[in-house]
């Protein structure tokens, strides 16, 4: 007999095992335009499912607002401060103020009638075991977006939402624990999408997430690609000697830390070339190079193509991806 749990080990599964939910909060809303609310960033993962209508998401530190429509799920792995609104120009009050003026009904639903087209949302947040220090979450993009198909959630999300709806409407014993575990499954599925995308472009980075100290070093490199990290600095950041850090990083990640730093900086530059109109000089400065010449030389040496030529090509980031926007997967 084949055991259902007899799966081959893989790096994504190893990382997901370390992400455990302690508790979850959620709220269903029906909001008629105009409406908008802001959510304070507490560092814990947050999620929003658009169950009907459309809206816009703005995330602190991100340049553009993101359009969302029915069936979309967006997860903010580190719970960065963000705003949801019916239109990019609509002012947004704080969520706490909105809840104070419009209390939830007996089914924990929020209703706001602005007279315009309605949007349905399922919003929530997770508190994780171990607090907000999980390095796997900090390496991921600010938003993980899983698009719906023809106005409906992807199949696994639709099944989870149906079970959530049934349990939240139930008074059966154990409903609270079942809801928590369903939310745990939803977060794991969404993180799997983002980790799989990260693995396809940076398998070494995912492998590093198995080792907390190496994961912390990788997180710092990705968070500050403009910084000229030295081996000594990174070693000090994770409380290891220079020699111990260098040997361990190479064993876990598969290449020396300095080479990984260079690839990360240049891959981020490739993302900017692909997705922005910034000049080569501006991009060189953004990723920590002193001149456009030194940046162009390093880029061509690493990827075999000049940055200007790469900008004109229709392909993804070579070698190592660092998606500055959302990780998007429509299934």
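Observations, loosely collected:
- Length available on full extension from residue 52 to residue 237: 0.36 nm per residue minus the Cα-Cα distance, which gives 62.1 nm.
- For the range 11-200, relative contact order (Cα pairs under 8 Å, six or more residues apart, normalised by length) works out to 32 percent.
- Each peptide in 40-47, 74-81, 159-166 receives the mean, over its residues, of other Cβ atoms within 10 Å, and ordering these scores from highest gives 74-81, 40-47, 159-166.
- Kirkwood's formula applied to the C-alpha pairs of the range 24-65 gives a hydrodynamic radius of 12.5 angstrom.
- Three principal axis extents describe the C-alpha atoms of the range 204-323; from largest down they are 41, 26, 21 Å.
- Cα Rg over Rh - the range 11-200, Kirkwood: 0.94
- Taking the number of Cβ atoms within 10 Å of each Cβ as an exposure proxy, the fewest-first ranking of 96, 106 is 106, 96.
- The stretch between residue 188 and residue 305, if pulled fully straight at 0.36 nm per residue, gains 38.4 nm over its current Cα-Cα span.
- Relative packing of peptides 219-228, 274-283, 49-58 - highest average C-beta neighbours within 10 Å first: 49-58, 219-228, 274-283
- The range 224-253 and the range 274-295: distance between their alpha carbon centers, rounded to Å: 25 Å
Every number here is computed from the coordinates shown, using simple stated rules; none is lab data. All values reported here derive from a predicted model rather than from experimental measurement. Quick reminder, even Gly has a Cβ in these numbers, built from the backbone with ideal geometry, and neighbours come from all protein chains shown.
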